[in-house]
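Each reported figure results from applying straightforward, stated rules to the coordinates on display, with no laboratory input. Since this is a predicted model, take the numbers as computed values, not measurements. Note that each Cβ is placed from the backbone with ideal geometry, even for glycine, and that neighbours are counted across all protein chains shown.
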Protein chains: 2
Amino acid sequence: MRQIQGGITAPEGFKAAGVHCGIKKNRPDLALIYSEVPAVSYAMFTTNKVKAAPVQVSIRKIRKMRAQAIVVNSGNANACTGQRGLRDAERMAELAAELLGINKEEVLVASTGIIGKPLPMEKIERGIREAVGALSPQGAHQAAEAILTTDRAVKEIAVETDIPKRGKGKVRIAGMIKGSGMISPNLATMLCFITTDACIAEDALKEAMRSAINKSFNQISVDGDMSTNDSVFILANGLARNKRIKTWHKKKKRKIEDENFRYFQQALDYICISLAKMVVRDGEGATKLIEVKVEGAPFPKDARRVAKAVANSLLVKTAIAGASPNWGRVIAALGAAHTKIKPHKVDVYIGGLPVVKGGEGTDIDEKSLREILKKDEVEINIQLNQGDNKTTFWGCDLTEEYVGINKRYV
Amino acid sequence: MRQIQGGITAPEGFKAAGVHCGIKKNRPDLALIYSEVPAVSYAMFTTNKVKAAPVQVSIRKIRKMRAQAIVVNSGNANACTGQRGLRDAERMAELAAELLGINKEEVLVASTGIIGKPLPMEKIERGIREAVGALSPQGAHQAAEAILTTDRAVKEIAVETDIPKRGKGKVRIAGMIKGSGMISPNLATMLCFITTDACIAEDALKEAMRSAINKSFNQISVDGDMSTNDSVFILANGLARNKRIKTWHKKKKRKIEDENFRYFQQALDYICISLAKMVVRDGEGATKLIEVKVEGAPFPKDARRVAKAVANSLLVKTAIAGASPNWGRVIAALGAAHTKIKPHKVDVYIGGLPVVKGGEGTDIDEKSLREILKKDEVEINIQLNQGDNKTTFWGCDLTEEYVGINKRYV
């Protein structure tokens, strides 16, 4: 597997466009992703009970696991907009389908931005017309720009991986993502679009995607808030013409694991984890990436609860923002997680420096710890010494800038 | 019931002192509370798995439900300090008992401040000696000052209530509290000391206290963090010489409810809710009190989860800090709570203004909403329309100042 140039149009047969239709004042606000042929597709959505109209529409459409285009707008979430919102979301798909000459049931939709305002449909329709005209194999970057809200930077990535078994082949996977506030599992509050030219079976795509999401987007947090619009989409159009990837295949009448699936999974994990970390790094007002590794947990859920509690603790986040060697906040946060861990067994390392051994503070040199905390990546290792389960979770620091950004009406 | 002058020494037979022993640079840092006679006592402690040494010591001592004094220091939490921490906490109680000529098992201890540093015992011993000498019926305010850390203000209150049944009487209840950061259920991260001269049975005191805590300290949040030291203590010394309050008494061989218990409960609720609201209002960097009322929930836990999710949402907190009419964040936060509520039934009011009806945004006047959000108390009413359960939860806004305070090493 190697990283390659380009964003979501790096895989064969994908085109994209990003245009400005006027929902936002100056910046691009409408993106279109298109595959030359219908693609095997999967998507996962916010677990928020309040689901935006485009989420409701896409949930219904994705059941068929087949899609050929996605229309996305930023600047307006089309959430809490009732029947009108649903009609507007359907209309976005319908118009794009009409102009592209494809089945409207195979056009997905996504929106991000402010909640509770109806979509300015005239502008959006104009935007869709323009985007269809602008579709291009070089359009990835413009599309990645058009989905942003408070993000500071475009976030995209592409890789190529060998599919070495059962007839050699190469496939490409690429993704773009937006999200910088309202980021918390499950999912991290964001829109993510992944394209691949791999030929892959429906159930294999679903399994790979669920597994990748659990290692990436469900393991990050900026502020603990979950949006009404979170969505992750993947389109696999098969144009790499590789032997179809399955979770298993038959050999001499026996089911055996498809090794190619493992290659695909590895590349997809890489794409998802990379994008997830980009989101945290671009967290509103964030200056530092915090990686929390928890090991030795009695159960997987304990590992996750501890990691999440530490990464989400405002006191941990502010201490790291200020490079303040207040490790007590880490131990207080992990103790507050709903687990049955025994505190007297816990060791904590910050940037490799042991700050807690067997539940007690070590006599660390505060100056060294302060230096570690000044770096732009801080690793917190928590060894619970109570089992074999582990996890990694990513968060970011909390600064005055986060508050400043969110005091405004966005 | 009426509010009366004075703090924790307002009830009969209580003395207090607050002195400076040198844990903190300039401000008082050691408090002593003393009852002339042993008091029926109860306490509740942090549910954090990591419990500070004084919490561990007081948990053991309170089992007897009898205490006569409490020693408290601020500036150092005596948490994550191992065996030495436990010995130090025991020693605080022992020395105070010796000097006061009382049973050391009836002296409770509490600490608040930085985690992971051993207590400066010489200073503390000197402080205890001084505090014993300084004990006075006018010492409440000094004691309330000596328990503070990042608090901006002393927080104390006292009331007198009639105990009108079965031989008239009056009892007094008073309390003092510290806490401004690390505030989250259960308990809110804080130290709270309540005194009363009521004569009350052990089980009645326990029941009243548990009930009051659930309506107050477990219903507030500043930052969602839970400390290793949270404790709420109550001492009831009986010197009001009222007929002993019970949960029930016998009349003509039948068990009937003791109406006096209700009067006591009402006064205790008032004390606890008042103190809890003082803590939130004094939340680190807070400029506004947010009251979240949830009604119409299918189950009590749904009401609580929704209220807590809204009060804890950083996006709601920052929107209110900025008086930004972004009500969509309220609906996003309530949808993210782990409940089975149906979003399309939900109404939301902010300061009486309907912003969501049946899950959809109303066309509110943003200017009026902005005016409401500029006030220093903001009420959010959430009508779920899905049952009969309700709750009230208090939080505060999140400002740049909170971040600034917590970036420092305290």
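For this structure, a couple of remarks:
- Amide hydrogen neighbours beyond the local backbone of A:Ala39, cut-off 5 Å, H modeled: A:Ala67, A:Gln68
- Estimated from helical segments only, the mean residue ellipticity of chain A at 222 nm is -10000 deg cm²/dmol, where each DSSP H run of four or more residues counts as -39500 (n - 2.57).
- Ranked for footprinting exposure by Cβ neighbours inside 10 Å, fewest first, B:His249, B:His344 give B:His344, B:His249.
- Rounded to the nearest whole Hz, the Karplus-based 3J(HN,Hα) values (6.51 cos²θ - 1.76 cosθ + 1.60, θ = phi - 60°) of the stretch A:140-149 follow the sequence 4, 5, 4, 4, 5, 6, 6, 9, 6, 10, with x at glycine and proline.
- 20 Å Cα-Cα reach of A:Lys251 towards lysines, excluding residues that sit fewer than 8 places from it in its own chain: A:Lys165, A:Lys168, A:Lys243
- Scanning residues 5 or more positions from A:Glu379 or on other chains, those with amide H under 5 Å from its amide H are A:Glu291, A:Gly351, with H placed 1.01 Å from N in the peptide plane.
- Amide H contacts under 5 Å for A:Gly285: none, restricted to partners 5 or more places along the chain or on a different chain, H placed in the peptide plane at 1.01 Å from N.
- For B:Met176, A:Met1, order by how many other beta-carbon atoms lie within 10 Å, fewest first: A:Met1, B:Met176
- Net charge dipole, the stretch B:289-407: roughly 500 debye, given to the nearest 20, about the Cα centre with Cβ charges of +1 for Lys and Arg and -1 for Asp and Glu.
- Where trypsin sites (Lys or Arg not before Pro) in DSSP loops with at most 14 other Cβ within 10 Å are excluded, longest remaining stretch of chain B: B:65-151
- Lys/Arg +1, Asp/Glu -1 at C-beta; the protein assembly as shown dipole; positive extreme among A:His141, A:Ala158, B:Tyr263: B:Tyr263
- Along its three principal directions, the equivalent ellipsoid of the protein assembly as shown from the Cα gyration tensor extends over semi-axes of 55, 30, 22 Å, largest first.
- Helix B:82-100 and the longest principal axis of the C-alpha atoms of chain B enclose an angle of approximately 60°.
- Computed from point charges on the beta carbon alone (+1 for Lys and Arg, -1 for Asp and Glu), the dipole magnitude for the stretch B:2-281 about its Cα centre is near 1040 Debye.
- Fewest-first ranking of B:Cys272, A:Cys199, using other Cβ atoms within 10 Å as the exposure measure: A:Cys199, B:Cys272
- One chain, two ends: A:Arg370 and A:Lys342. Fully extended at 0.36 nm per residue, the span grows by 7.3 nm beyond their Cα-Cα distance.
- Label zone at B:Lys170, where the point sits 7 Å out along the Cα-to-Cβ direction: the stretch B:226-246 residues whose backbone N lies under 16 Å: B:239-243
- Measuring from each Cβ of chain A to the axis that turns chain A onto chain B, the shortest distance belongs to A:Glu400, 2 (residue, then whole Å).
- Once the mean of 1/r is taken over each pair of separate Cα atoms and inverted, chain B shows a Kirkwood hydrodynamic radius of 22.0 Å.
- Estimated dipole of the protein assembly as shown in Debye, rounded to 20 [Cβ of Lys and Arg +1, of Asp and Glu -1, Cα centre]: 2680
- Efficiency of FRET between A:Glu257 and A:Arg63 - r from beta-carbon atoms, R0 30 angstrom, step 0.05: 0.60
- Positive dipole terminus of the stretch B:37-87, leading residue within B:Ile59, B:Gly75, B:Met44 (C-beta point charges): B:Ile59
- Modelled label reach - B:Asp363, point 7 Å along Cα→Cβ, the stretch A:100-128 residues with backbone N closer than 17 Å: A:116-122
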